[in-house]
Amino acid sequence: MNKTGNETNETICFIPDDVAKGILIALYIIVIIGGTVGIIIMGSLLCRTNTRSVTITAIINLLVIHGIFILTVPFRITYYILEKWKFEFEFCRFISSMIHIHMYLSFIFYVTLLVIRYISYFKQKDKIEFYRKMHSVVASAALWIIILIVVLPVLFLQYGIEKNIYTPEKCFTFYKEIKRPFVFVLNYIIVTVIFLVVCILLIVQIVIIVKIMKKLKRAALDHQEFWVQLKSLFFILVMITCFFPYHMFRIYYLKHSTECFYYNEIFLGITALSCLDLLSFAVQTYFQKVFKHMTCSIKCPCQC
C-alpha cells in the first residue's frame with residue numbers, strides 16, 4: 001500500500017514506497033553526474049570562444065540554471081535515503097520549489113534560444129550578436145530580474161504557506177496546496193501554454209529542416225545550417241521528453257493529488273533530466289566534427 005504522510009490509498013497510482021524512492025534516487029544521481037559533466041565540458045568550450053551571440057548568452061544562462069539546481073539535488077537524495085527531513089521547513093520549501101523553478105526557467109531559455117535561431121534563419125543571418133559583451137550581461141540581468149519578480153513569487157510563495165498542516169519530518173508533500181483555486185487554475189494555464197508553445201516550435205522547426213533539405217538535398221549533411229537546425233530540434237526533443245510526461249500526468253494529478261503523490265514525484269524527477277542537455281549538446285558537437293572529417297576524408301582526401 002502506498003503511503004503519503006498519514007494517508008493510505010489504494011488506486012491505479014499505487015507504487016511501493018521503496019520502489020518509488022529507489023527510482024527517484026537513481027534519477028537524481030544521474031542528474032548530478034551527467035549534469036555536472038555537461039556543465040564542465042560546455043563551460044570549457046565556452047571559455048574558448050569570444051563570440052557575443054545571443055545564442056551563446058542563452059546557453060550560458062542555461063548552464064547557470066542547471067548549476068544552481070544541481071546544488072540542491074543532494075538534499076533530495078539525502079531525504080529519500082534517510083526517509084526523514086533533517087533541515088528547517090523553509091529550506092524544504094526552497095528545495096522543493098527549485099525543481100519547478102529549474103524546469104520553467106530552462107523552458108524559458110530553450111524557447112528564447114529557439115526563437116533567436118528562427119529569427120536568424122528567416123532574416124538570413126549567421127547569428128544575432130550583441131555589440132558588446134556588456135550588452136549580453138545587461139540583457140541576461142534584465143531577464144533574471146523579471147524572473148525573480150514574476151516567476152519566483154508564483155512558484156515559491158503559492159505553496160507550503162500553512163506550515164501547521166505539514167509534518168516537520170516530511171518534505172515535498174505540498175500536494176494539499178493544489179486544491180486552492182488559484183494554484184489549480186494556474187496549473188492548467190501552465191500546461192496549456194507549454195503544450196501550445198512546444199507544438200508551435202516543433203512545426204516551425206520541421207518546416208525549416210524540410211526547406212533546407214529540399215534546397216541542399218544530399219549536400220545538406222555538409223552544411224553548417226543543417227546541423228544548427230538539428231541542434232535546435234534536439235532542444236525541442238528535450239522539452240518533449242523531459243517536460244511533456246510531467247505535464248500530461250499533471251492533468252490527471254490535479255484531481256487525484258492525494259493518491260498519486262509518488263507518480264507525480266517520479267514524473268517531476270524526469271524533468272530534471274533536462275540537465276543532461278549540455279552534455280548531449282557537447283557530444284553532438286563532437287560527433288558533428290567527426291562526421292565532417294570523415295566526409296572530407298572520403299570526398300576530398302587531398303584537401304583534408
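Largest first, the residues His66, His100, His256 sort by 1.4 Å accessible area into His256, His100, His66. The convex hull of the Cα atoms of the range 44-123, projected and averaged over all directions, covers 6.9 nm².
Explain nothing, just the number: dipole magnitude of the range 165-249 about its Cα centre with +1 on each Lys and Arg Cβ and -1 on each Asp and Glu Cβ, in debye rounded to the nearest 20. Walk me through the numbers on the way to the answer.
On the way: 10 positive and 4 negative charges, 56 e Å.
The calculated dipole for the range 165-249 is roughly 260 debye.
For a 18 Å ceiling on Cα separation, which of these pairs sit above it: Lys84/Lys170; Lys176/Lys255; Lys123/Lys211; Lys21/Lys170; Lys123/Lys217; Lys211/Lys231? Mind dumping the intermediate values first?
Numbers: Lys84/Lys170 6 Å; Lys176/Lys255 11 Å; Lys123/Lys211 15 Å; Lys21/Lys170 14 Å; Lys123/Lys217 22 Å; Lys211/Lys231 16 Å.
Flagged as over cut-off: Lys123/Lys217.
Set the Cα radius of gyration of the range 79-121 against 2.2 N^0.38 Å, with N its number of residues, and you get 1.85. Sorting the Cα pairs of the range 239-279 by distance into bins of 5 Å, from 0 upward, gives 6, 26, 30, 18, 12, 6, 3, 1 percent per bin.
What is the gain in length, in nm to one decimal, between Ile149 and Lys176 on full extension, counting 0.36 nm per residue of separation less the C-alpha to C-alpha distance? It would help to have the intermediate numbers written out before the result.
Working: separation 27, 0.36 × 27 = 9.72 nm, distance 2.50 nm.
Length gained between Ile149 and Lys176: 7.2 nm.
Which log10 I(q)/I(0) values does the range 164-284 give at q = 0.14, 0.21, 0.22 Å⁻¹ under the Debye formula, counting every alpha carbon as one identical point scatterer? For the range 164-284 at q = 0.14, 0.21, 0.22 Å⁻¹, log10 I(q)/I(0) is -0.74, -1.18, -1.24.
The values are calculated or read from the model by the stated rules, or taken from the named source; none is laboratory data. For clarity, every value in this text was computed on a predicted model and none was experimentally measured. Note that we place each Cβ from the backbone using ideal geometry, even for glycine, and neighbour counts take in every protein chain shown. Keep in mind that these areas ignore ligands, DNA and RNA; they rest on the heavy atoms of the full protein, side chains included. Shrake-Rupley method; radii C 1.70, N 1.55, O 1.52, S 1.80 Å.
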